[in-house]
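A.B. asks: The structure follows.
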Amino acid sequence: MKTLNNKQVPPAQDPEEIVAAALKLPVQVVNHYRPVAWVAGITIVLIVFLLILPADIRTVFWRSLQSRAIVVIMLLTFSLVAISLVWSAGQRLDTWVFLSFNLRGSRPLWLDRIMLGFTQIGNGFTSLGIGLVLFFVKDRLLAYVLFLGTLTLWLVVELVKFVVRRARPFIRLTQTRIVGYRARGRSFPSGHTSQSFFIATLMVQHFHANALSAILIYTIALLVGITRMYVGAHYPRDVLAGAILGSAWGLVGVIVEGYVLYGVW
């Protein structure tokens, strides 16, 4: 420290240090409230989409949220899976199955790359991209249902994650093998799995897929769920809950589409 007339003078701070210090608090706030910001962002996008959506389709969507037996059963099952998270034996089983997919057996680099790429099928942006393609190939009703379903499902998943606050496997299990990047946010339910099963259910019903095609489509959705454990992002019950929630959301989409086309409720 320099002296001037026997007085200590603090050293001049580097401009980069000043900027870093100024940004430290805002960065900490953003990181701390990231889940809230993410939910808020999805909500804003959803509201904008609802505002530009044709009024008749918007009305049908809200009507479609009325009770349907199979949807109610699936959502109740989803709730039971969520409640089961407090069961310690269930956590041990979750851990054992998770580590079986994540660690055991051969893990060559080529397989890591395939699984990391395949898991992106369940990304919400992939769903929106499919919807955009459908919109431009003139299947606009399906595109609207896909857009709306993706955004609402995305919002529900983020809200459930915020409420349940289950930590990712690699937080609790130090031996977890992470493939690619460390997934952000909470673990329950699996958003990628829910989106893949939502698309699968919607496509199977919309195109009246035969048994073989339906099995193939749902196998792809199931493989997305498996990749979430393989890359170290989710427990088995996260994947199971995502599959149930996504399938239920797909059925709601089918109800919307059927009502618009045929007036069937």
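A.B. asks: Quick one: how many residues across region 179-203 are farther than 20 Å from Leu75 by Cα, out of contact with any Lys or Arg (no Cβ under 7 Å at 6 or more places or on another chain) and surrounded by 17 or more Cβ atoms within 10 Å (Cβ to Cβ)?
C.D. replies: 2
A.B. asks: Quick check, is Arg228 at pLDDT 90 or above, over 30 Å from Leu142 (Cα atoms) and buried (at least 17 other Cβ atoms within 10 Å of the Cβ)?
C.D. replies: No: the conditions fail for Arg228.
A.B. asks: Testing Ser64 on (1) under 20 Å from Tyr144 (Cα atoms); (2) at pLDDT 65 or above; (3) among the small types (Gly, Ala, Ser), one condition comes back false. Which one is that?
C.D. replies: It is condition (2) that Ser64 fails.
A.B. asks: Let me ask something additional. All but one of (1) surrounded by 24 or more Cβ atoms within 10 Å (Cβ to Cβ); (2) assigned to a loop (DSSP other than H, G, I, E, B); (3) among the hydrophobic types (A, V, I, L, M, F, W, C) hold for Ala209, so report the exception by its number.
C.D. replies: (1)
A.B. asks: Looking only at region 174-195, which residues are among the hydrophobic types (A, V, I, L, M, F, W, C) and free of Cβ contacts under 8 Å to residues at least 60 places away in the same chain?
C.D. replies: Those that are among the hydrophobic types (A, V, I, L, M, F, W, C) and free of Cβ contacts under 8 Å to residues at least 60 places away in the same chain: Ile178, Ala183.
A.B. asks: Checking Arg107 against (1) in a helix (DSSP H, G or I); (2) basic (Lys, Arg); (3) over 23 Å from Gly246 (Cβ atoms), only one condition comes out false. Which one?
C.D. replies: Only one criterion in (1) in a helix (DSSP H, G or I); (2) basic (Lys, Arg); (3) over 23 Å from Gly246 (Cβ atoms) is unmet by Arg107, namely (1).
The values are calculated or read from the model by the stated rules, or taken from the named source; none is laboratory data. Not measured: the values here are computed from a predicted model. As a convention, Cβ positions derive from the backbone with ideal geometry for all residues, glycine included, and neighbour counts pool all protein chains shown.
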